[in-house]
1. I'm checking my understanding of the structure. Among residues of segment 69-123 that are among the aliphatic types (A, V, I, L, M), out of contact with any His (no Cβ under 6 Å at 6 or more places or on another chain) and within 27 Å of Ser11 (Cα to Cα), which one is modelled with the lowest pLDDT?
2. Would you mind stating whether Thr437 is open to solvent by less than 10 Å² (accessible area, probe 1.4 Å), polar (S, T, N, Q) and at pLDDT 80 or above?
3. Could you please give the count of residues in segment 186-204 that are open to solvent by less than 30 Å² (accessible area, probe 1.4 Å) and either more than 16 Å from Ile175 (Cβ to Cβ) or of a type in the set (S, T, N, Q) (or both)?
4. Which ones in segment 42-60 are over 12 Å from Val19 (Cβ atoms), open to solvent by 20 Å² or more (accessible area, probe 1.4 Å) and at pLDDT 85 or above?
5. Which count do you get for residues in segment 160-173 that are surrounded by fewer than 23 Cβ atoms within 10 Å (Cβ to Cβ) and part of a strand (DSSP E or B)?
6. Where in segment 383-501 are the strands (runs of 3 or more DSSP E), entirely inside, with at least 3 residues that are within 20 Å of Pro305 (Cα to Cα)?
Amino acid sequence: MNDSSHPRLVSSNGQEFIVTDKMLIGRQPECQIHIQDGLASRRHAMLEIIDQKVVITDMGSNNGTWVNEQKISRPVELRNGDRVRIGETHFTLQIPSVQTQKNVQYREEESATNRTMAWQTSTLMALVRANDSAEFGLNRNTRIGRDESNDLPLKADASASQFHALIELVEGQAILSDLNSNNGTWVNGKRIAGKTLLRHGDKIRVGNTILRLRIGDHPLPPLDPTGVAPRSKTKTSWATWVAVILAGAALVITCVLTVPALYLFSSRESAPTAQASSAGSAPVSADTSQAKQQALRSLAYIVVPDEEIETNDMVHTGSGSFITSDGYILTNFHVIGYAANYDPIPGMEIGDLQNSLHNGEELIFAGINWANPVEKPDTYYRCDIVKTDPYLDLALLRVVESFNLETGEYFPLPSDLNFPVIAIGNSDDLKILEPITIIGFPGVGGDTPTAIDDQVAGFSPDENNKVKNGWIKTGPVISHGNSGGIAINQRGELIGIPTMVITNETDKIGYVRPVNLALSMIQEFLR
């Protein structure tokens, strides 16, 4: 095998390293790939060829090894065009193709019965930018993004991620995949979820840039709004769902556990509408009032259409809190789904849970009123599920698309979108009689938010999960729509997640899940 047939690791400054056998990367001068990077470890990563595959392994470095902006935790096979980042040093892997000497052409084959498109060894393909018809040859794997080291850099597109999308050439065909971008990659108006085969004339949206694939000398069809405008996905119009919400009909917030000492509602029952009055008001400082207003701004209204909404007109509602400016929302699991013991265990043990979502398509929306947070939400977004913990009744969502309430269409998120964020407090610092405020959309008295001032009444163990202080007790009973919302201290910090709980006791009391129990779920996303 001569040098020209070996894989090469090419740094952003153009320096090339021929990959052979085992090669150590790091600051140590003895490394085969020596880099002078203060963020790199002395022996940072190992690059080696195993069974004719290029494999990279992190060597326990301080700052990690990143492949296509994903931190690796085990040996990873590298493919042609993959980006490797070590500290602040960027590399691209180039693997010579056995077809680099061949001409590729696209041809049409006719038969008596059908017409087929067949790839021989390919004609040129190109990406054509919609706004100015600029062309970019597509003759190898091509990475697209805002970083200037991309094969197709979009430095002026603030909506594009640094490393946004990848087009791979496989047997003469172009395969598009998203690189975990913030705003997604779209083809013909639909957001792609996996590797997607591109065809002649397809319209690709990366950030705010529209590209079209041209194969050979075939003319591109006229540009119509299909690939530029967002998609419409809803089976039942949002106007119908909102009408149901405003009418107060069939509003259901479903809960998860059914155990002897702690009963939460099952999936198909309507929650009661009891709502306690607030505690006697005490003088509130300007700082405290401002902190509460900031917490109110970070409140999200969660709406989940039922899987059978077309027949039962049912939606599930609850509350949540924006914990990051890029749209991560913390809420209760029972706001988006429900779980039941399918193998109950006597006593306090909860046993295994059988989990279900209220909507089979994972259709979840978050509403917010940007101009006036005390009014009903007027702007909605579609959310993806990031993590769930049905046992602790917690869920983490992330906003991924804008949603037009009137047309039912989805749009990429604006590049400058920043959600109002609530600060995370320390629930372990709470003391009995300390003031606490519950904020959420209670589902009664209209669809505007409600804030109730009270105090910490005490703490209760969660024997199901074997947590000593698994619940914060408060005076007000948590109404069903308040579930998943905000419980704050006097500094306006999130110290818990209000949870609609019904016990087998006659005394009324509210329960709040301490936020410290959610840290393992949300810590990596906090900045």
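The values are calculated or read from the model by the stated rules, or taken from the named source; none is laboratory data. All of these numbers come straight from a predicted model, not from anything done at the bench. In this analysis, Cβ positions are derived from the backbone assuming ideal geometry, glycine residues included, and neighbour counts consider all displayed protein chains. Ligands, DNA and RNA are excluded from the accessible area calculation, which covers all protein heavy atoms including side chains. Shrake-Rupley method; radii C 1.70, N 1.55, O 1.52, S 1.80 Å.
1. Val98
2. yes
3. 3
4. Arg42, Arg43, Thr57, Asp58, Met59, Gly60
5. Result for segment 160-173: 4.
6. 394-403
Matching residues to (1) at pLDDT below 90; (2) in a loop (DSSP other than H, G, I, E, B); (3) crowded, with 20+ Cβ neighbours inside 10 Å:
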residue	(1), (2), (3)
Thr288	yes, no, no
His316	yes, no, yes
Met348	yes, yes, no
Tyr380	no, no, yes
